[in-house]
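Only one structure is covered here, and it is reproduced in the block below.
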Amino acid sequence: MAGKAKLPMGIENFERIRKEGFYYIDKTGLIKDLLENPAYVNLFTRPRRFGKTLNMSMLKCFFEMGMTSDNSTIFDGLEISEEKELCEAYMGKFPVISITLKGATGGNFEEAKVMLRRIIGVEAMRFRFLLQSDRLDDTERSQYGALVNTDQTGTFTMSDDLLKDSLRIMSQLLKKHYGQDTVLLIDEYDVPLDKAYQSGYYDSMVELIRSLFGSALKTNDSLKFAVLTGCLRISRESIFTGLNNFKVYTVKDVRYKEYFGFTDAEIRQMLEYYGVSDQYHAVKEWYDGYLFGNLGIYCPWDVINYCGDLRDGSATKPQNYWVNTSSNDIIRRFLVKADAVTRDEIELLINGGCVKKMIHQELTYRDLDSDIDNLWSILYTTGYLTQAEEDIDVDEDEEELSALVIPNREIHWIYVQQIRKWFKEEARKDTQKLENFCRAFEENETAVIEKEFTSYLRKTISIRDTGVRKDMKENFYHGILLGLFGNMDGWKVRSNAESGDGYCDISVEVEDRDIGLVIELKYAENAAFDDACKEALEQIRSRNYEEVLLDDGMKTIYRYGIACYKKRCKVVSE
């Protein structure tokens, strides 16, 4: 693949991508659409990892004064460069304030304010020429100085009142210097509210953000227009109340559908360019599945990382990149609150089905724990669920219901992992029951094992008998059993370790009793428990799985064949 463009793995700076020759999928049509459908404030809500930050960087490069000499280079050959009149009228014609609030967080409100001052202060320092501007008077230059002033430690010192008015003041000063209205770009606007909710200072942060945005977006005659991005539309907190010409574009909207994430045609072209078209079906299975408006969309973060790993040889099959960029706490919170009905709905999703729910587009972080129905909407807006189809139903109250599904195999994997962690925590709550279950393996009490494992299966969220591959079903039960065993002190547990002539599902050494356990799990197709148990024991014998245990000095060996089907199991031993 010599001579191919580099992949922008983790790079969200448009100028760098274009100047340094990274591969770029053209999203500059967003500029044309914004200019031809003008709104004073534009808010785009999309899940994270779908290119919002790169698009904001692109907008900055297009509109900002001082970029004119570079614009013709970095936009050359892109879709927007064909729009000669728009480029002449708007390219490089405006002062631009561009901030991301992703880092405006802290363990408490004061720490968060320090970070917010730093974000705004650092952006203000890009305009240090204002200190010498002969178009500003002494008072205005003093105002600017207060925005960038720091103490001996380098901490920005602007007062709370100045912080709340900082974006408006900055835009006014830039307008007076340039004689042109300012473009304001605010990326990840809702992250401070998310973190504040988690850390217990939500009300204080809401008041601060409301004041900051109100000053910059409602009463600002120096503003040309603003673009904001985030995951949620937060309106109940009155952050955006009173805005004129305020447009919100969510994943349900058809307009701008193609500008966040990659389309199928873009994916095919990219894979062909790098000579990995044979990976198309794997990429589609793992990273496709999102529906924005009426258009199928792939997660760009995942596809770029996978292509990069394919190129350098660090991966030969799809990986889960999403899980490394998010705590996935929302799924855990959902599982904790789930009642029996909701657990059945989660099972339906896990097994490739859909659930029909009303999506609330204007939830806030305050609403997260007020009603489990709200969590369905949060899972949807954050990308853990997507709409299955454009068509929607109407319930008896005439409310629209969207068919929701897990978008792809990557997100499915995250659900399964979170379910395992949740189940392990639930099992730990009854330590005596758990210990009795595990001790039954040491005593070769198959009836007790079978009864208690069935009891655990009934409480968890299982993979049903659907089109999911047999090995994936077996892996699920394997994970449940490993989670239960992980609570036992004095047990040396191995999973899929090489033993004898193959790899044993689970082996255990009970060191203080010199007891070894060899366990093979099978999925009992069509509830054929006896056949599956027989197959499991035969595999243990024929492949000598007990060999490692004997080498380690285990004097008593119990071999278990466990067959599972839905929420039932059978256990045999020898």
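From the set of residues in region 506-518 that are of a type in the set (Asp, Glu) and open to solvent by 20 Å² or more (accessible area, probe 1.4 Å), which is nearest to the chain's Cα centre (by Cα)? Checked region 506-518; the qualifying residue nearest to the chain's Cα centre (by Cα) is 511.
Residues checked against (1) touching a residue at least 12 places away in the same chain (Cβ under 8 Å); (2) in contact with a helix residue (DSSP H, G or I) (Cβ under 8 Å, 6 or more places away or on another chain); (3) not in a loop (DSSP other than H, G, I, E, B):
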| residue | (1), (2), (3) |
| --- | --- |
| 15 | yes, yes, yes |
| 25 | yes, yes, no |
| 39 | yes, no, no |
| 42 | yes, yes, yes |
| 47 | yes, yes, no |
| 50 | yes, yes, no |
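For residue 319, state whether it is in a loop (DSSP other than H, G, I, E, B), open to solvent by 10 Å² or more (accessible area, probe 1.4 Å), at pLDDT 90 or above and in contact with a helix residue (DSSP H, G or I) (Cβ under 9 Å, 6 or more places away or on another chain). Here the answer is yes, as residue 319 does meet what is asked. Residues in region 75-90 that are open to solvent by 100 Å² or more (accessible area, probe 1.4 Å), closer than 21 Å to residue 17 by Cβ and part of a helix (DSSP H, G or I): 82 alone. Does residue 548 meet the test of being within 43 Å of the chain's Cα centre (by Cα), part of a strand (DSSP E or B) and buried (at least 18 other Cβ atoms within 10 Å of the Cβ)? The answer is no for residue 548.
Looking across region 279-299, just one residue is open to solvent by less than 10 Å² (accessible area, probe 1.4 Å), of a type outside the set (Ser, Thr, Tyr) and part of a helix (DSSP H, G or I), and that is 283.
Which of the residues spanning region 26-48 are closer than 17 Å to residue 266 by Cα and in contact with a Ser or Thr (Cβ under 9 Å, 6 or more places away or on another chain)?
If the condition is that a residue be closer than 17 Å to residue 266 by Cα and in contact with a Ser or Thr (Cβ under 9 Å, 6 or more places away or on another chain), then 28 is the only one that fits.
State which residue is farthest from residue 353 (Cα to Cα) when the search covers only region 432-445 and only residues that are touching a residue at least 40 places away in the same chain (Cβ under 8 Å) and open to solvent by 40 Å² or more (accessible area, probe 1.4 Å). The residue in question is 444.
When only residues in region 217-251 that are among the basic types (Lys, Arg) and outside any strand (DSSP E or B) count, which is modelled with the lowest pLDDT?
It comes out as 236.
Here residue 473 passes the criteria (1) within 28 Å of residue 430 (Cα to Cα); (2) at pLDDT 85 or above; (3) basic (Lys, Arg); (4) not in a loop (DSSP other than H, G, I, E, B) except the one numbered (2).
The values are calculated or read from the model by the stated rules, or taken from the named source; none is laboratory data. In this text, all values refer to a predicted model and were calculated from it rather than measured experimentally. Note that we place each Cβ from the backbone using ideal geometry, even for glycine, and neighbour counts take in every protein chain shown. Only protein heavy atoms, including side chains, enter the accessible area calculation; ligands, DNA and RNA are left aside. Shrake-Rupley method; radii C 1.70, N 1.55, O 1.52, S 1.80 Å.
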